[in-house]
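Please treat every number below as a calculation from the coordinates, not as lab data. Just so it is clear, the model here is predicted, and its values are computed rather than measured. Positions of Cβ are backbone-derived with ideal geometry, glycine not excepted, and every protein chain shown enters the neighbour counts.
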Amino acid sequence: MNQIDLAGQHAVVTGGAQGIGFAIAKRLVASGASVTLWDLDADLLRKARGELGASARAQTVDIADAQAVVDALQRTETEGGPVSICVNSAGIAGPAAPLDAYDIGWWKKIIDINLNGTFYVNRAVVPGMKARNYGRIVNIASIAGKEGNPNASAYSASKAAVIGLTKSLGKELASYDIAVNCVTPATAQTRILEQLTPEFIEYMRVRIPRGRFLEVDEAAAMVAWLVSKENSFTTASAFDLSGGRATY
C-alpha cells in the first residue's frame, strides 16, 4: 500500500459503516487522518468504529434530512475539529424494474438519499472549507451515472446528477484550495448487491472488461489520493473505477 500523508486531516465519510465507505475510512485512518463515520445503521456504526480504533468517531445521521446533516456537522466539528475532507459514500440501489413500472415511492427514496443527501452534505461542509481556504470533497457516483443501467432508472439518474453536481461545485470552488471530484465505480462486492436480482448482478459483471467486480480497497486507494494535498490541481472531474467498462 502506497503511503499517502493525511496527518492532521479530519474526514467525514458518509455511509462509512460498511462497503466502499468503510474501506475508504480505513484507508484514511491508515494514512494518518481522523475520521468521523456518518451512517444510519447504529449497530454497524459501533462495529465499524471499534474496528477503526481511536482515530474514529461515529454519528448516526440520516443524510436525507437536511437539518440532521447540519446538526451532525456541528457535533462532528465540536468533537473532532474542522472537517477538511468529505467523502459521500451513502447510497442505495433500490429495486430493478422498467421505468414505466417503477414504484414512485422507491424513485423518491433513491433520489432523496443518493442525490439530495449528497447535496445536503456538500452544502453543509463547503462554508467551513471556504473560510479556511482548504478542503477535499469526493462524491461516490457510479458507472450507471455515465451509461445508464436498464431497469435502474432511479439509481442511474441519481448518480448522473451526482456527477453534474460535482462538476458544478468544483467549478464554483476552483478559486479556493478546495478540490471537488467524484468517482464512478462499476459494481463492487458489497451489501448493496443484496437489493438486486442475480440476473441483474450478472448483467453488470459481464460488462466489465476486467472480468470481475471492483474490490473496495481499490476504490479506497483512488479516493485517498483525491483527498490528499497532492491533488492540488484536479477538480470538477469524474474518475473512472469501472474496470474498463466506461466509454467516456
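Details
- Taking the stretch 53-93 as the range and being crowded, with 22+ Cβ neighbours inside 10 Å and hydroxyl-bearing (Ser, Thr, Tyr) as the test, the residues that pass are Thr76, Ser84, Ser89.
Residues checked against (1) closer than 17 Å to Arg191 by Cβ; (2) out of contact with any strand residue (DSSP E or B) (no Cβ under 6 Å at 6 or more places or on another chain):
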| residue | (1), (2) |
| --- | --- |
| Ala11 | no, no |
| Gly16 | yes, no |
| Phe22 | yes, yes |
| Ser31 | no, yes |
| Val35 | no, no |
| Leu52 | no, yes |
| Val61 | no, no |
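- Residue in the stretch 204-235 that is surrounded by the fewest Cβ atoms within 10 Å (Cβ to Cβ), counting only those that are touching a Ser or Thr at 6+ places or on another chain (Cβ under 7 Å) and under 16 Å from Val138 (Cα atoms): Val216
- Residue pairs whose Cβ atoms lie under 9 Å apart, separated by 6 or more positions or on different chains, with the first residue in the stretch 233-248 and under 17 Å from Met204 (Cα atoms) and touching a residue at least 24 places away in the same chain (Cβ under 8 Å) and the second assigned to a loop (DSSP other than H, G, I, E, B) and among the β-branched types (Val, Ile, Thr), are Ser242/Ile208; Gly243/Ile208; Gly244/Ile208; Arg245/Ile208.
- Residue satisfying condition, being of a type in the set (Asp, Glu) and farther than 23 Å from Leu193 by Cα, within set Asp39, Asp112, Asp71: Asp71
- Counting only helices (runs of 4 or more DSSP H) that sit wholly inside the stretch 56-148, those with at least 3 residues that are touching a Leu at 6+ places or on another chain (Cβ under 7 Å) are 117-132.
Conditions (1) among the aliphatic types (A, V, I, L, M); (2) in contact (Cβ under 8 Å) with a residue 12 or more places away in the chain, marked per residue:
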{"position": "Ala58", "(1), (2)": "yes, yes"}
{"position": "Asp62", "(1), (2)": "no, yes"}
{"position": "Ala72", "(1), (2)": "yes, yes"}
{"position": "Arg75", "(1), (2)": "no, yes"}
{"position": "Ala97", "(1), (2)": "yes, yes"}
{"position": "Ile104", "(1), (2)": "yes, no"}
{"position": "Trp107", "(1), (2)": "no, yes"}
{"position": "Ile111", "(1), (2)": "yes, yes"}
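- Filtered by the rule that a residue be of a type outside the set (A, V, I, L, M, F, W, C), farther than 19 Å from Ile163 by Cα and under 15 Å from the mean Cα position of the chain (by Cα), the stretch 57-115 gives a lone residue, Asp62.
- Within the stretch 173-203, the residues that satisfy the criterion of being over 20 Å from the mean Cα position of the chain (by Cα) and assigned to a helix (DSSP H, G or I) are Pro198, Glu199, Phe200, Ile201, Glu202, Tyr203.
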